[in-house]
Amino acid sequence: QVRVVESGGGLVQPGGSLRLSCVASGGQFSSTDMAWYRQKPGRQREWVAGIQRDGTTNYDNSAKGRFTAARDNVKNTIDLQMNSLTPFDTAVYYCLAYYLGTSYWGQGTQVTVSS
């Protein structure tokens with residue numbers, strides 16, 4: 001069983017930055033692929049960025065050039081640095097840990113971009 005906990009959400013003005021963090025405990029973190037998703041009101045959850053166990057990152061087109069994912073295999077954490085935020089980025093952000101064929105989700109953290 002892997003426990004996933006996100007933190008770092010909040011209210012930020014357009015053009016601002018925010019850093020989300022996620023800690024995954026209970027499994028072998030170095031063998032865990034991680035990802036960030038988000039869900040906007042009334043919409044399905046969508047993939048934002050992924051960071052594989054070897055550190056390879058991939059981003060949705062909406063995140064490319066603005067968001068950066070990184071992982072720390074010592075602290076069992078991943079971060080998502082989000083820059084140049086717009087109201088379009090307003091959503092609940094979820095962290096996903098994929099370990100031994102099973103997906104584990106965090107509870108989500110709200111990001112609101114508004115003036």
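Could you list all residues from the stretch 105-115 that are open to solvent by less than 40 Å² (accessible area, probe 1.4 Å) and on the phi < 0 side of the Ramachandran plot? Answer for the stretch 105-115, where residues must be open to solvent by less than 40 Å² (accessible area, probe 1.4 Å) and on the phi < 0 side of the Ramachandran plot: 106, 109, 111, 113. As for the stretch 9-32, it holds at least one residue that is at positive phi and either crowded, with 16+ Cβ neighbours inside 10 Å or assigned to a strand (DSSP E or B) (or both). Taking the criterion of being modelled with pLDDT of 95 or more and more than 16 Å from residue 80 (Cα to Cα), the residues of the stretch 43-66 that qualify are 43, 44, 45. Are any of the residues in the stretch 93-103 touching a residue at least 40 places away in the same chain (Cβ under 8 Å), closer than 21 Å to residue 11 by Cα and out of contact with any Ser or Thr (no Cβ under 7 Å at 6 or more places or on another chain)? Yes: one or more hits. Looking across the stretch 66-87, the residues that are farther than 21 Å from residue 10 by Cα and surrounded by fewer than 12 Cβ atoms within 10 Å (Cβ to Cβ) come down to 74, 75. Criterion first (among the basic types (Lys, Arg) and part of a strand (DSSP E or B)) does residue 43 satisfy it? No: the conditions fail for residue 43.
The values are calculated or read from the model by the stated rules, or taken from the named source; none is laboratory data. Just so it is clear, the model here is predicted, and its values are computed rather than measured. With ideal geometry, Cβ positions are generated from the backbone for all residues, glycine too; neighbour counts draw on all protein chains shown. Note: accessible area is taken over every heavy atom of the protein model, side chains too, but ligands, DNA and RNA are not part of it. Shrake-Rupley method; radii C 1.70, N 1.55, O 1.52, S 1.80 Å.
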